[in-house]
Amino acid sequence: MKANHAETPDGSSAADKFKWFITILLLAVAVVGNSFYSETFNVVIRTAGVVVLIAAALGVAATTIKGKAAISFAREARLEIRKVIWPTRQETMQTTLIVLAVSIVMALALWGIDGIMVRLVALATGA
C-alpha cells in the first residue's frame, strides 16, 4: 500500500491535496508577483510570467482527480456540442421576428390592462 494513494473520507488523496496546494501557490505567486514587480519589469515580461505560472498551475491541477474529471467532462461536452443541429439563418430570423412580435403584442396588452386598472382604481377611490 502506497502512502500517496491513501484515500481520505472526502475521496481525495494526500497527493491531490498537495497538488492543489501547489496550484494555489502558483496562482498566488502570479498575482502577487505581477503586483510586486509592476514598477520593475516591462508589461510584456510580467504578462509572460503570469501566463507561464497560470499554465503551470493548470497543468498541476489537471493531474488531480477533480482535474481529470473536469477534463473528461469538457471532452464529453464537446462531443455533445457536435451533435447539436444548429438552426439555419432563415430559422433564426423567423424565430427572432416571432419573439419580437409576441413581445410587442404582450407589451401593448399589458399597457392597455394597466390603463384600464388605473381608471378603475381612480373611479373607485374618487381621485
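Of note:
- When the stretch 15-42 is limited to residues that are aromatic (Phe, Trp, Tyr) and exposed (fewer than 13 other Cβ atoms within 10 Å of the Cβ), the one that is nearest to the chain's Cα centre (by Cα) turns out to be PHE21.
- The stretch 43-57, subset within 15 Å of ALA28 (Cβ to Cβ) and aliphatic (A, V, I, L, M), residue surrounded by the fewest Cβ atoms within 10 Å (Cβ to Cβ): VAL52
- ALA62 meets all of the listed conditions (1) surrounded by fewer than 13 Cβ atoms within 10 Å (Cβ to Cβ); (2) under 21 Å from the mean Cα position of the chain (by Cα); (3) of a type in the set (A, V, I, L, M) but one, namely (1).
- If you go through the stretch 47-83 and pick out every residue that is small (Gly, Ala, Ser) and touching a strand residue (DSSP E or B) at 6+ places or on another chain (Cβ under 9 Å), you end up with 0.
- Residues that are loosely packed, with under 10 Cβ neighbours inside 10 Å and in a helix (DSSP H, G or I), drawn from the stretch 81-101: ILE81, ARG82, LYS83, ARG89, GLN90
FYI, it's all coordinate maths here, none of it is from the lab. For clarity, every value in this text was computed on a predicted model and none was experimentally measured. For neighbour counting, all protein chains shown are included, and Cβ atoms are generated from backbone atoms with ideal geometry for every residue, glycine included.
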